[in-house]
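Report on the structure given below.
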Amino acid sequence: MNKLYKRSAALLTTVSAIGLAMPAFADGHGLDLTGETVEWIIPFSETGGSARWANFYAPLLSEALPGNPTVVVIFMPGAGSTRGANHFQGLEYEDGTTIFGSSGSTQFPFLLNDPRVRYEYGDWNVVLASGTGGVAYLPADLAAQLEAGGVDALLEENFIYGSQGATRLDLVPLLAWELLGLSVEPVFGIEGRGDGRLMFERGEANIDYQTSSSYLSGVVPLVEAGTAVPWFSFGALDADGNLVRDPTFPDMPSFAEVCEAAPSCETSGPAWDAWVAFFTAGFPAQKMVFLPAGAPQEAIDAYSAAFRAITERDDFAEISEARLGVYPQLTGAAAQVALERATNVPEEAQTYVIEWLADRYGVVLQ
């Protein structure tokens, strides 16, 4: 095994802290992982939403897979997740003991033809697609200015934001803040969104966003302590594809509502259309689990059945809400549809974003 891997601090092998054990699915799937260790590669650091997502699922997956293997989360950060994704692309299926967890920050470089991308989603086999949301928040003093004077009160502020990179999932908040007319200077190069939160906590950044799982676990305590104030969620898509409030944060305004209320922001035009397109690609299927190229159907079926059994537990809604939020967890054909939506954007939106990245950040993708 590559020595550059970072193993998680604890091997998550039981579900004693979460709830009921479930039967294995060895019969009828032809995959038996008895005595094996499944390595779940996460291409980010241990501090972000992908880490919390994988660490939530890992012990449940151990119980649900045939043979009840140990499931170990391995962190492989670098180059905004393209390092880990490129590594996974080079693997061929062997015995079902390696899986990969992608994020919107893995999808966006793929969508934007980032030259560092050496991976192809079409070669991989999706077995779970997890939706999520995102929340933008401010320090208490700037939140007070916003409360008193609206977005206009923030237009003269110089914001600092810890970012994984302009072609990562951070594209969504960066473009949102630009639509609002804010002056936000990103500090590129952090390895995970949790590192951005730490910058905020240390006073090195004065604006931030976290995906829902990280917000619930890492930012809510800051809100309770009075050092952070939520501003808006990005929102969610309803069954008809309309932008609505995030079901995990129903009392929080969506970005569409904030934009509509701000004199400097418009919910129409090329910039807005590009934001909607990349939000749609990045969040409704923001995290996905894959088996590598060459996986046989019996292995795909076994993993899909295991994740489906987890999400169909009677207590899943209860145990997942505080960790993941309230979002679809898709398997089978539904996961495949989610993958296709997450790895395709309209050409007009792609062109707009590529030109915006070059003009705003000097990022030239070629």
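The values are calculated or read from the model by the stated rules, or taken from the named source; none is laboratory data. Only a predicted model underlies this, so the values are computations on that prediction, with no experimental measurement involved. Here the Cβ is made from the backbone with ideal geometry for all residues, glycine too, and neighbour counts use every protein chain on show. In case anyone asks, the SASA skips ligands and DNA or RNA and just uses the protein heavy atoms, side chains included. Shrake-Rupley method; radii C 1.70, N 1.55, O 1.52, S 1.80 Å.
Exactly one condition in (1) modelled with pLDDT of 95 or more; (2) in a helix (DSSP H, G or I); (3) within 29 Å of Val219 (Cα to Cα) is not met by Ser81; state its number.
If we test Ser81 against (1) modelled with pLDDT of 95 or more; (2) in a helix (DSSP H, G or I); (3) within 29 Å of Val219 (Cα to Cα), just (1) comes out false.
Filter region 176-208 for residues that are under 16 Å from Ala143 (Cα atoms), part of a helix (DSSP H, G or I) and either modelled with pLDDT under 95 or among the hydrophobic types (A, V, I, L, M, F, W, C) (or both) and give the result.
Hits for region 176-208 are Trp177, Phe200.
Looking for something of a type outside the set (Gly, Ala, Ser) and surrounded by fewer than 15 Cβ atoms within 10 Å (Cβ to Cβ) - is there at least one such residue anywhere in region 277-296?
Among the residues of region 277-296, at least one is of a type outside the set (Gly, Ala, Ser) and surrounded by fewer than 15 Cβ atoms within 10 Å (Cβ to Cβ), which makes the answer yes.
Does Pro109 satisfy the condition of being open to solvent by 20 Å² or more (accessible area, probe 1.4 Å), outside any strand (DSSP E or B) and at pLDDT below 95?
No, not satisfied.
Of (1) open to solvent by less than 10 Å² (accessible area, probe 1.4 Å); (2) closer than 23 Å to Arg52 by Cβ; (3) at pLDDT 95 or above; (4) of a type in the set (Gly, Ala, Ser), Ala309 satisfies all except one. Which?
(1)
Conditions (1) modelled with pLDDT under 95; (2) crowded, with 21+ Cβ neighbours inside 10 Å, marked per residue:
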| residue | (1), (2) |
| --- | --- |
| Asp32 | no, no |
| Ile41 | no, yes |
| Ser45 | yes, no |
| Gly67 | no, no |
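Which residue pairs have Cβ atoms closer than 8 Å, lie 6 or more positions apart in sequence or on different chains, and pair a first residue in region 288-303 that is farther than 24 Å from Pro59 by Cβ with a second residue that is open to solvent by 20 Å² or more (accessible area, probe 1.4 Å) and assigned to a strand (DSSP E or B)?
Matching pairs, first to second residue: Ala293/Glu92; Ala293/Asn125; Gly294/Glu92.
So Asn242 passes all but one of these: (1) at pLDDT 95 or above; (2) more than 20 Å from the chain's Cα centre (by Cα); (3) not hydroxyl-bearing (Ser, Thr, Tyr). Which condition number does it fail?
(1)
With Asp314, Asp301, Asp359 as the choices, which residue is outside any helix (DSSP H, G or I), open to solvent by 30 Å² or more (accessible area, probe 1.4 Å) and at pLDDT 95 or above?
The unique qualifying residue is Asp314.
Hey, any hits in region 223-234 for a residue that's part of a helix (DSSP H, G or I), at pLDDT 95 or above and crowded, with 16+ Cβ neighbours inside 10 Å?
Within region 223-234 (the criterion being part of a helix (DSSP H, G or I), at pLDDT 95 or above and crowded, with 16+ Cβ neighbours inside 10 Å), the answer is no, since none of the residues qualifies.
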